[in-house]
Amino acid sequence: MYVCNFTTPANFFHALRRQVVAPFRIPLIVMTPKSLLRHPKCVSDISEIYEGNFKEIIDDDKTTAPNKVKRVLFCTGKIYYDLLAKKEADNREDIAIVRIEQIYPLAKNQYQAIFDKYSKAEYVWVQEEPKNMGAWSFILTNYPNANNLKLISRAQSASTATGFSKIHEKEQKQIVEEAFK
């Protein structure tokens, strides 16, 4: 099976296209939230649909000098746009944001290429879910070099959310702030 959390419409399109053109059927589990449907940054150029292909891992295309990157933020899904907004607002070039679009199966060669590209950086997994939920426990047990990752997330919880939007926004802001320290 494939387990994915997409951050671009083009990548979602190519994953669906991959399902259709494959000579055999494999289940596709999509965890992309509805909030990205109207997010102003969640767009793809039409050329990405015509000329592109599915990307299991999307490297930070705004990073011009990999040797100057001090911290690599691995994430999946919607939190990418919160991290991107902070990176753009602070004009940070010393941080790269890498999106894991396909959580399972792992694209090991692409994943290792990120570690090779940013060899001098600190690696951090950022998720908006509590520590005991989300992709972190899977990443920790199944990804090579995962023991090199630091975790930034909400504290462990029996519930997926607080139920209060103000508290959620405050916690989300804390996660993003900590990622950029």
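A few notes on this one:
- Taking the charge dipole of the range 1-117 about its Cα centre, with +1 at Lys and Arg Cβ atoms and -1 at Asp and Glu Cβ atoms, the residue from GLN110, ALA15, ILE95 reaching farthest to the positive side is ALA15.
- FRET efficiency estimate (nearest 0.05) - Cβ-Cβ, ALA22 to LEU151, R0 30 angstrom: 0.30
- Solvent exposure of the chain, expressed per residue, is 57 Å² of accessible area, with all protein chains present and a 1.4 angstrom probe.
- 10 Å beta-carbon shell around ARG154, net charge (K/R +1, D/E -1): -2
- Rounded if a/c under 1.5, otherwise prolate or oblate - the chain, Cα gyration tensor axes: rounded
- Remark: the range 1-68 carries a charge dipole of roughly 280 debye about the Cα centre, counting +1 on each Lys and Arg Cβ and -1 on each Asp and Glu Cβ.
- Taking every DSSP bridge with both residues inside the chain, close to 20 percent are antiparallel.
- Formal net charge of residues neighbouring GLU129 (Cβ-Cβ distance under 14 Å; K, R +1; D, E -1): 0
- Other residues whose C-beta falls under 10 angstrom from the C-beta of PHE180 contribute a net charge of +1, scoring Lys and Arg +1 and Asp and Glu -1.
- In Å², nearest 10: area of THR160 left accessible to a 1.4 Å probe: 110
- Contour excess over end-to-end distance, with Cα ends at SER119 and ASP94 and 0.36 nm allotted per residue: 7.7 nm
- Accessible area (Å², 1.4 Å probe, nearest 10) - ASP60: 20
- About its Cα centre, the dipole of the chain is roughly 280 debye, where the only charges are +1 on Lys and Arg Cβ and -1 on Asp and Glu Cβ.
- From its DSSP helices (H runs of at least four residues, each -39,500 (n - 2.57)), the chain gives a residue-normalised ellipticity at 222 nm of -10500 deg cm²/dmol.
- Basic side chains Lys and Arg get +1 at the Cβ, acidic Asp and Glu get -1 at the Cβ, and with that the dipole of the range 76-180 about its Cα centre reaches some 180 debye.
- By a 1.4 Å probe calculation restricted to protein chains, GLU51 has an accessible surface near 150 Å², given to the nearest 10.
- Low-density loop cleavage sites - chymotrypsin sites (Phe, Trp or Tyr not before Pro) in the range 100-168, where at most 14 other Cβ are within 10 Å (DSSP): PHE164
- In this label model, ASN109 and SER47 are separated by 2.5 nm, measuring between points 7 Å along each Cα→Cβ vector.
The values are calculated or read from the model by the stated rules, or taken from the named source; none is laboratory data. Everything numeric in this text was worked out from a predicted model, so none of it was measured. Cβ coordinates were reconstructed from backbone atoms using ideal geometry, including for glycine residues, and neighbour counts include every protein chain displayed. In case anyone asks, the SASA skips ligands and DNA or RNA and just uses the protein heavy atoms, side chains included. Shrake-Rupley method; radii C 1.70, N 1.55, O 1.52, S 1.80 Å.
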